[in-house]
Amino acid sequence: MTTYLLAGGGTAGHVNPLLAVADALTAREPGATVLVLGTREGLEARLVPQRGYELLFVDKVPFPRRPDAAALRFPARFARAVRQVRSHIRERGVDVVVGFGGYASAPAYIAAGRAGVPVVVHEANAKPGLANVLGARRAAASGVAFEGTPLRGAEVVGMPLRPEIVHLDRAALRDEAATAFGLDADRPVLLVFGGSLGAVRINRALADSWQDVVAAGWQILHAAGERNDIADPGDPAYRVVPYIDRMDLAFALADAIVSRSGAATVSEISALGIPAVYVPYAVGNGEQALNAASAVAAGAAVLVPDAELSGDRIRSSVVPLLTDAAALDRMRAAATAVGTRTGSENVVALIDRALAR
């Protein structure tokens, strides 16, 4: 039986695709050993054991960004992390290392190369992280979630998605979802969200324009974030909640979406064929705008820069879209074409190819 070592973590963007592939491997090969490599500080320290997988640890060694004392200590610390992973590979008889980015991946790629173990890389973001850029140089196979991602030798495989998204039957769950959120299943719903803490720009734009959306015949389900200052106006067509635990139900009810454009968010929305207006998070290196680019180019989504979103922009751009049934139909078809629910299986195919070399 095969022993797989899946490396990655730190954030949900790394951990969730890793776990989706782990589930696909165990479903396909029940006798296989699936191990996860992560750090003690990352989200994986909680999520991986909860999912029933064994977590092996490696020291968290950030790449230095400036010439300081941490940069001087980096070579010795990184070499120690590589030795830790090499020990795991040797002691557990690892056959292949699959990396998803994050602090655990870089030493895993180096250790695997030194041990003669094949490497497979998956990059979730349209702008790849440094660890995956390095790993892809010698990887047996590499996959990316988005077209145009600049990763050496990579092919587009999509995003490994959560089972509740992969198997979601939106039509079958619509009535249950409407009841759960107190909305009318027979009227269209605009789903608005910006992450667990919310998005100030999106919240303020909706606070100024929700009445126009409702006047256009739509209902709104707005996850405003746990630290939001949005007052619920009490209108039955505008539901304001701090957080949505059951995103599968929210997606089942959504006829269109306004949201940020994290890699997982874009992948899930496209896979489900839902028209979207993306408002990329303006902080960082611009990866959210890049994540949305392929969906926008395909006609599945519209992009509004964060600085340009306002109540007036909702009235001038979003409301006319919501009232254009033909345009929404075209966007649904385009989203279905650009999205995929088989990301996990596609990554497993890369792993099989690497093992067969």
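The values are calculated or read from the model by the stated rules, or taken from the named source; none is laboratory data. Just so it is clear, the structure is predicted and the values come from calculations on it, not from any experiment. Note: ideal-geometry Cβ built from the backbone for every residue, glycine included; neighbour counts use all protein chains shown. For accessibility, only protein heavy atoms count, side chains too; no ligands or nucleic acids. Shrake-Rupley method; radii C 1.70, N 1.55, O 1.52, S 1.80 Å.
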ALA300 is checked against (1) more than 16 Å from VAL192 (Cα to Cα); (2) under 19 Å from the mean Cα position of the chain (by Cα); (3) open to solvent by 50 Å² or more (accessible area, probe 1.4 Å) and fails just one. What number does that condition carry?
-> (3)
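For GLY225, indicate whether it is surrounded by fewer than 23 Cβ atoms within 10 Å (Cβ to Cβ), at pLDDT below 95 and touching a helix residue (DSSP H, G or I) at 6+ places or on another chain (Cβ under 9 Å).
Working: surrounded by fewer than 23 Cβ atoms within 10 Å (Cβ to Cβ): yes; at pLDDT below 95: yes; touching a helix residue (DSSP H, G or I) at 6+ places or on another chain (Cβ under 9 Å): yes.
Spelling it out, GLY225 is indeed surrounded by fewer than 23 Cβ atoms within 10 Å (Cβ to Cβ), at pLDDT below 95 and touching a helix residue (DSSP H, G or I) at 6+ places or on another chain (Cβ under 9 Å).
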Tell me which residues, restricted to segment 210-239, are β-branched (Val, Ile, Thr) and in contact with a Pro (Cβ under 8 Å, 6 or more places away or on another chain).
-> none
Qualifying positions in segment 24-65 - under 15 Å from ALA131 (Cβ atoms), among the basic types (Lys, Arg) and in contact (Cβ under 8 Å) with a residue 40 or more places away in the chain = LYS60
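Looking at segment 43-51, can you tell me whether even one residue there is closer than 19 Å to PRO118 by Cβ and among the hydrophobic types (A, V, I, L, M, F, W, C)? Steps first, answer last, please.
Pass one, segment 43-51, residues closer than 19 Å to PRO118 by Cβ: none.
Within segment 43-51 (the criterion being closer than 19 Å to PRO118 by Cβ and among the hydrophobic types (A, V, I, L, M, F, W, C)), the answer is no, since none of the residues qualifies.
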Checked segment 314-334 for anything part of a helix (DSSP H, G or I), out of contact with any Asp or Glu (no Cβ under 6 Å at 6 or more places or on another chain) and either within 15 Å of ALA216 (Cβ to Cβ) or modelled with pLDDT under 95 (or both); matches are ILE314, SER316, SER317, VAL318, PRO320, LEU321, LEU322, ALA325, ALA327, LEU328
Extreme residue, farthest from ARG260 (Cα to Cα), among residues of segment 303-316 that are open to solvent by less than 50 Å² (accessible area, probe 1.4 Å) and touching a residue at least 40 places away in the same chain (Cβ under 8 Å) | GLY311
Complete set of residues in segment 41-61 that are open to solvent by 50 Å² or more (accessible area, probe 1.4 Å) and closer than 18 Å to ALA111 by Cβ | GLU54, PHE57, LYS60
Using the structure shown, decide if SER294 is touching an Asp or Glu at 6+ places or on another chain (Cβ under 6 Å), polar (S, T, N, Q), in contact (Cβ under 8 Å) with a residue 40 or more places away in the chain and open to solvent by less than 40 Å² (accessible area, probe 1.4 Å).
-> yes
